[in-house]
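These notes are about the structure you will find just below.
What follows draws every value from the coordinates through simple rules; no lab data is involved. Note that the structure is predicted; figures quoted are calculated from it, not measured. Because the Cβ atoms are built from the backbone with ideal geometry, glycine has one as well, and the counts that use them run over all protein chains shown.
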Amino acid sequence: MIVRILLVEDDPSIAVSLVDSLHASGFQVVQCATGVSALVAALAPGEFDLVLLDLGLPDMDGRDVCRVLRSTSRVPIIMLTARGDEFDRVLGLELGADDYVTKPFSFRELVARIRAVVRRTEVQTPVSHPDTDITSGRLEPVSAPERLSVDQRTRRAHLDGVEIQLTAKEFDLLAFLAADPGAVRTRTDILEHVWDANWFGPTKTVDAHVAALRKKLGDPRWVEAVRGVGFRLEEPS
């Protein structure tokens, strides 16, 4: 499968270099220099497998482009940003980005992240997690949801009967934690199962996604941090 990428980057020197390097790595690439043109291109059904989105665009903030895209499309989005602090990373993930790469970055890292995101999107089902429902710390059939339900078949999650709008990675993270409610999942386990067994990025990626997931669940107590170890999913008391 040839991966089709929409590159949204207004700096000609960066865009030309990236397009040439991505082509050389076997990807098909179309480049846009503005947010409006990117939205027009990205919202055409089935045109692209992934969007590389720079945040500093001349006509609109890249985060607004991400927000619009995610409200109407499930195409994976990797943000390219010079804003490296935790707040900006978490905000990008909350808006629906599947990953982020902080400038300056190595091209090898970028390609590895592209392939990891595309691989997760193609599989659509992380390691064998049954369709589950967490209710008072117990694993129940998804056919009888009470509070939080995670349906692997449809890749949908509901809280008190209301669907939670999750990115692909947020869903995979929630499903992995919900597969064994109350059990502590180490950051390494989470990276290997939700990201990639060969992941070499920062473990803070997990923390950023946990923060985004907590916000969408409406109560940070759903995902409890176990100091120095990892995280577990439990219904707030």
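Numbers below:
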quantity: Amide H contacts of residue 3 (H built 1.01 Å from N, under 5 Å, at least 5 apart or other chain); calculated: 28
quantity: Protection-proxy order for peptides 68-81, 11-24, each taking the mean of Cβ atoms within 10 Å per residue, highest first; calculated: 68-81, 11-24
quantity: For region 4-123, share of DSSP beta bridges that run antiparallel, in % to the nearest 5; calculated: 5
quantity: Formal net charge of residues neighbouring residue 77 (Cβ-Cβ distance under 12 Å; K, R +1; D, E -1); calculated: +2
quantity: Shape call, region 1-80: gyration tensor on alpha carbons, a/c limit 1.5; calculated: oblate
